[in-house]
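Q: The structure under discussion is supplied below as structure tokens; questions concerning it will follow.
Read-outs: derived from the displayed coordinates by stated rules, not from any lab. None of the values given here were measured: they were computed from a predicted structure. Here the Cβ is made from the backbone with ideal geometry for all residues, glycine too, and neighbour counts use every protein chain on show.
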Amino acid sequence: MLRRRTMAAALAAAALTGAMAAPAAAESDPPATAAPPPGTGSVVLPTGDRVHVLPGGALGLAPAAGREGVAFTTVRAADGDGLIVIPGDRADEILSGAEDARRYNVTDLVADGRTDAAALAAADLRAYAELPPIAAAADPTLTVTVRDHAGAVPDSGFATWYDSDDPEHSGTLEFDAAGVAAADLPPGDYLLTHAVWNLGPGDAFTEYVFGVSHVTVDADGAEFVLDGTAASPVTAETPATTATTSRATSALRCAPSSTRRSLRTA
């Protein structure tokens with residue numbers, strides 16, 4: 001089954017805005033012969049926005065004309081040193097790889113003496129650090145709760161899920177002491193086969209709940225209750241066939257809104 005994923009928005013960094021454009025002018029200009037500190041300077045991004053790399057690694061931003069309302073985010077590059085500045089209106093292209101994030105690595109660009117990121121050939125970008133790997137979004141969670149006909153947690157049981165589009169993609173749910181099990185699954189439709197039971201003296205079955213149910217997992221996950229209290233009993237009596245066999249009475253409980261079944265044996 002094709003796994004659906006959403007682009008992870010794991011860009012844990014400070015947002016830059018037009019209000020931070022360029023540092024304030026000093027009271028007096030430095031001597032013309034004074035060299036800027038190493039690693040400082042400015043570079044124009046492919047979007048036309050100018051980013052200033054200041055002493056200490058701080059950044060200043062001068063948006064291009066007409067782009068004053070665009071938000072910017074900084075992300076630490078894969079090498080842990082460089083800073084990549086991502087304009088909000090180019091985020092999808094940069095994160096998907098359609099546009100090379102190294103053209104926005106302002107730390108490496110300025111350190112290399114570059115002033116125009118758009119003018120660089122692809123070969124010139126090889127020495128610059130890229131974006132770190134973006135973690136895929138976690139699959140939503142299917143939570144299944146089981147209850148017997150009395151509304152209590154049954155003694156034991158199991159449930160197996162099958163991907164409706166790919167039945168070979170399947171797994172077993174493990175219920176905890178509270179009768180709850182969970183599995184992280186991609187969004188889609190699933191088939192659940194399930195059975196839970198209670199035991200009496202000598203580990204004889206006193207109740208057996210079994211059935212097949214369908215559940216849809218969306219982007220927010222799904223919660224499903226296998227509720228034995230919703231079953232309606234159907235009884236049948238079987239006479240003894242020998243003197244050593246006592247008469248057995250069985251009650252079949254049918255849930256009205258699904259294929260769940262509950263069998264109780266007296």
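Q: Give me the number: length gained by fully extending E68 to D124, i.e. 0.36 nm times residue separation minus the C-alpha to C-alpha distance, one decimal in nm.
A: Details: separation 56, 0.36 × 56 = 20.16 nm, distance 2.94 nm.
Gain in length upon complete extension: 17.2 nm.
Q: Which residues in the range 125-145 have a backbone N closer than 16 Å to a point placed 7 Å from the Cα of V180 along the Cα-to-Cβ line?
A: 141-145
Q: Give the order of I134, I84 when sorted by the count of other beta carbons within 10 angstrom, beginning with the fewest.
A: On the way: I134 15, I84 26.
By the 10 Å Cβ count, ascending: I134, I84.
Q: Set the Förster radius R0 to 45 Å, insert the Cβ-Cβ distance between E93 and S170 as r into 1/(1 + (r/R0)^6), and round the FRET efficiency to 0.05. Don't skip to the answer; put the middle values down first.
A: Numbers: r = 38 Å, r/R0 = 0.84.
It comes to 0.75.
Q: Computed over the Cα atoms, what is the radius of gyration of the range 59-217 divided by 2.2 N^0.38 Å, N being its residue count? Don't jump to the answer; show the numbers that get you there.
A: Numbers: Rg = 27.3 Å, N = 159, 2.2 N^0.38 = 15.1 Å.
That ratio works out to 1.81.
Q: Give me L120, L226, L83, L199 sorted ascending by neighbouring Cβ count inside 10 Å, so fewest comes first. Walk me through the numbers on the way to the answer.
A: On the way: L120 17, L226 27, L83 21, L199 14.
Listed from fewest to most nearby Cβ atoms, that is L199, L120, L83, L226.
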